[in-house]
Amino acid sequence: MTELHRWLGPWLASLALVGCSEASPAGKSDNTAGTDGGTPTTASGEESTASTGSGGSATTAAGANGTNASSTGGATGSSNGASTGATGQAASTAGMATTSGDSTSGDSTSGDSTSGDSTSGDTTTGGGGRPSYATLREAAAAANRLIGAAVDAAALAGAGTQYSETLAREFDYVTPENATKWGPLAPTSSSYDWQGADAIVDFAEGHQEVVKGHTFVWHEQTPSWVSTSMSASELNAALKSHIETTLARYRGRMRAWDVVNEAVDVNTASGYRESVFYQVLGPGYIADAFRWARAADPDVLLFYNEIGAERLGAKSDFMYTMIQELLDAGVPIDGVGLQSHVSTHRYPSESDLRANIRRFADLGLRVNISEVDARTKNVPGTQEARWLMERIAFQQVVGSCVVEPGCEAITFWGVTDSYSWLNEESEEDPLLFDRSYMRKPAYAGALDGFMGLLPVRGANLVANSDFAGGATGWEATTGELTVAAAEGESGNAACVNGRTDVGDGLLQSGLLEALQAGGPLAFSAMLRVDAPSSVEAALLIVEGGEESEFNIASRAIAQDQWLELSGYLGLGFEQAPSAIALKLYGPASGVELCATRVQLQPLTVD
Ligand code: XIL
């Protein structure tokens, strides 16, 4: 049996396609087919070909200190106002682990003196003439960005000082993780419980931190008295009153609010999530909520926040079009939040994330990366290997925000691994500080990101990636492979004609040696088809005698246009693999699939 035939069996059997999510809080493994931020999606076929928003990058949204500085209290502008960027910033300490000059140094976060252990080997600070920062706050300020954390009211109120000291030292932007959601705020239709929210806002003000309220409208954590048994006028009145009451209480004390959260679900016929709001009010609730909020507090920044919309594709395209239409209709939206709950197993590429940030910024919006955390445990391997992947993922997210002028803030969805919503499913380690409040390698990744340093891509592991050597190293699983000058692109491309199944396409086997050590990788390829369809990239892995398919990226593709399909991934193995191949496929049988510049590059830390 040829190598090719060995692949065909599992491949044809697995046409359901294994999709891996950026965030699958509902499942322990991100191998759950196509979950996307907890929202079931299909791995393919969902993506549209709407604008990918290339173009100008200069916007005025960056800087975090826009028009609302004066209305949101003195803290808004102060932490980020005066910086001139990372370069030229004087080294403030000898190393990032040192907190000298920090008012909380010498405290129980004595990880400061030892955290060099967990981050040693990184080159963030100290050498090479690079600036070094004692805290994330300092690094973020130098980059003219806000650095945020979701704050758990119970942890803040709890015994011990590590949580509050770390929050005060490292962050200047706070999002109540749950305390300002409708359900926790309004347990009954006639009462409010402000305690948790007040404590967080008081703390933030006491530590020169600005606050983003989160969130007026969400399909989860809505009070139990809000239901589909309400009439449209009852629900409208309740929502309007909630927005007005809450904005009145915190007027002048919040920088921003997430007005609507997670309204998109591309698996429904309409593309909107069928929440109680959608069911009772239709999609008009989104515009109404923003308008009521603006009328109630003209000075606070109003955000739309979404999960699983970081990558270019169906969900982010739907969100983009929705926001564009709302803006065209005069709806007062100041910014968008891209949550960025990721998994180191598979997450959006730098190029996707940056293009996505840019297209929203080009609408005149502020962009926040609003809820960053990373599952690491679905990649087998040592903690050291997993935490290196996490470091690289965080460096990529922070760095992408820093190099895109329209991105003003990065918020992590928690402070320490001890308090993360992901632990509700199974113990994870998704944040910057470990359970002893020690700085993890991820912290060094964030610091690097604030200096505008993105993960480094190493040599391409794909042989003959641009087909300069003809078809060498490649085969077509069915049909005929032809190499010729790429139509509309430079250099050569390989095209497969006469494919007999969506699972058929281009295959490069023989990647075992290059990939057997696993690790963090960047994938990209330029693809073209002669009929609108979707395209996929996957690794075929034989491990312990079992063949499996690791879906790297899926995207809808228009006819006769080159499209960059890309994604980052983390590879790890339970047992030593015995074969690894890369395949590009996806269109219906008969559709021509062409490819060039196929890249699989190790991601490393500079
Ligand atoms: C989560 C909280 O972290 C959990 O404590 C809570 O049980 C559920 O909600 N997207 C959001 C956040 O916008 O509000 C969610 O927060 C995580 C996903």
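Which condition number does residue 408 fail, the rest of (1) away from the ligand (no atom under 16 Å from the Cβ); (2) not in a strand (DSSP E or B) being met?
Just one mismatch for residue 408, condition (2).
Restricted to region 508-558, and to residues that are closer than 21 Å to residue 474 by Cα, surrounded by fewer than 21 Cβ atoms within 10 Å (Cβ to Cβ) and among the small types (Gly, Ala, Ser), which residue is nearest to the chain's Cα centre (by Cα)?
Among them, the one singled out is 548.
I'm trying to understand the selection: among the residues of region 361-384, which are among the charged types (D, E, K, R), within 16 Å of the ligand (Cβ to nearest atom) and either under 21 Å from residue 566 (Cβ atoms) or part of a loop (DSSP other than H, G, I, E, B) (or both)?
If the condition is that a residue be among the charged types (D, E, K, R), within 16 Å of the ligand (Cβ to nearest atom) and either under 21 Å from residue 566 (Cβ atoms) or part of a loop (DSSP other than H, G, I, E, B) (or both), then 375 is the only one that fits.
Looking at the structure I just gave you, is residue 216 within 30 Å of residue 396 (Cβ to Cβ) and of a type in the set (Phe, Trp, Tyr)?
Taking the combined requirement at face value, the residue does not satisfy it.
Taking the options 355, 361, name whichever one is in contact with a Pro (Cβ under 9 Å, 6 or more places away or on another chain), under 22 Å from residue 146 (Cα atoms) and of a type in the set (A, V, I, L, M, F, W, C).
Exactly one of 355, 361 is in contact with a Pro (Cβ under 9 Å, 6 or more places away or on another chain), under 22 Å from residue 146 (Cα atoms) and of a type in the set (A, V, I, L, M, F, W, C), namely 361.
What number goes with the only condition from (1) in contact with a Ser or Thr (Cβ under 7 Å, 6 or more places away or on another chain); (2) surrounded by 21 or more Cβ atoms within 10 Å (Cβ to Cβ); (3) under 27 Å from residue 312 (Cβ atoms) that residue 274 does not pass?
For residue 274, the failing item is (2).
Just to verify a result, which residue in region 545-583, among those that are more than 20 Å from residue 510 (Cβ to Cβ) and not in a strand (DSSP E or B), is modelled with the lowest pLDDT?
574
Each row is one residue, and each column tells you yes or no for (1) within 16 Å of the ligand (Cβ to nearest atom); (2) part of a loop (DSSP other than H, G, I, E, B); (3) more than 24 Å from residue 557 (Cα to Cα).
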{"position": "315", "(1), (2), (3)": "yes, no, no"}
{"position": "320", "(1), (2), (3)": "no, no, no"}
{"position": "323", "(1), (2), (3)": "no, no, no"}
{"position": "326", "(1), (2), (3)": "no, no, yes"}
{"position": "336", "(1), (2), (3)": "yes, no, yes"}
{"position": "353", "(1), (2), (3)": "no, no, no"}
{"position": "356", "(1), (2), (3)": "no, no, no"}
{"position": "359", "(1), (2), (3)": "no, no, no"}
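So residue 183 passes all but one of these: (1) out of contact with any helix residue (DSSP H, G or I) (no Cβ under 8 Å at 6 or more places or on another chain); (2) within 14 Å of residue 257 (Cβ to Cβ); (3) within 12 Å of the ligand (Cβ to nearest atom). Which condition number does it fail?
Only one criterion is unmet by residue 183, namely (2).
Among the residues of region 390-404, is there at least one that is closer than 25 Å to residue 524 by Cβ, more than 16 Å from the ligand (Cβ to nearest atom) and surrounded by fewer than 24 Cβ atoms within 10 Å (Cβ to Cβ)?
Yes - at least one qualifying residue is present in region 390-404.
Restricting attention to region 141-164, which residues are of a type in the set (A, V, I, L, M, F, W, C) and either over 20 Å from the mean Cα position of the chain (by Cα) or part of a loop (DSSP other than H, G, I, E, B) (or both)?
Within region 141-164, 141, 142, 143, 153, 154, 155, 156, 157, 159 qualify.
Name the one entry in 422, 431, 461 that is away from the ligand (no atom under 16 Å from the Cβ) and touching a residue at least 24 places away in the same chain (Cβ under 8 Å).
461
Here is a check on your reading of the model: is residue 279 within 16 Å of the ligand (Cβ to nearest atom) and either at pLDDT 95 or above or not assigned by TED's automatic domain parsing to the domain that holds residue 197 (or both)?
no
Could you grab the pairs with beta carbons closer than 9 Å, sequence gap of 6+ or different chains, first residue in region 471-487 and at positive phi, second one exposed (fewer than 15 other Cβ atoms within 10 Å of the Cβ)?
473/463; 473/510; 479/498; 479/500; 479/589; 479/590
Do any residues in region 200-224 that are over 14 Å from residue 179 (Cβ atoms) have Cβ atoms under 7 Å from those of residues that are in a strand (DSSP E or B) and within 16 Å of the ligand (Cβ to nearest atom), where the two are at least six apart or on different chains, and which pairs are they?
Final answer for the pair search is 209/173; 209/174; 210/173; 217/259; 217/260; 217/261.
What do you reckon, is residue 234 farther than 25 Å from residue 323 by Cβ, more than 14 Å from the ligand (Cβ to nearest atom), in contact (Cβ under 8 Å) with a residue 60 or more places away in the chain and assigned by TED's automatic domain parsing to the domain that holds residue 332?
no
Does any residue of region 190-208 turn out to be within 17 Å of residue 415 (Cβ to Cβ) and modelled with pLDDT under 95?
no
Are any of the residues in region 283-290 touching a Pro at 6+ places or on another chain (Cβ under 6 Å), within 20 Å of residue 370 (Cα to Cα), in the same structural domain as residue 175 (by TED's automatic domain parsing) and more than 16 Å from the ligand (Cβ to nearest atom)?
Yes.
The values are calculated or read from the model by the stated rules, or taken from the named source; none is laboratory data. Please read these numbers as outputs of a predicted model, since none were measured by experiment. When we count neighbours, we look across all protein chains shown, and the Cβ atoms used for this are built from the backbone with ideal geometry, even at glycine.
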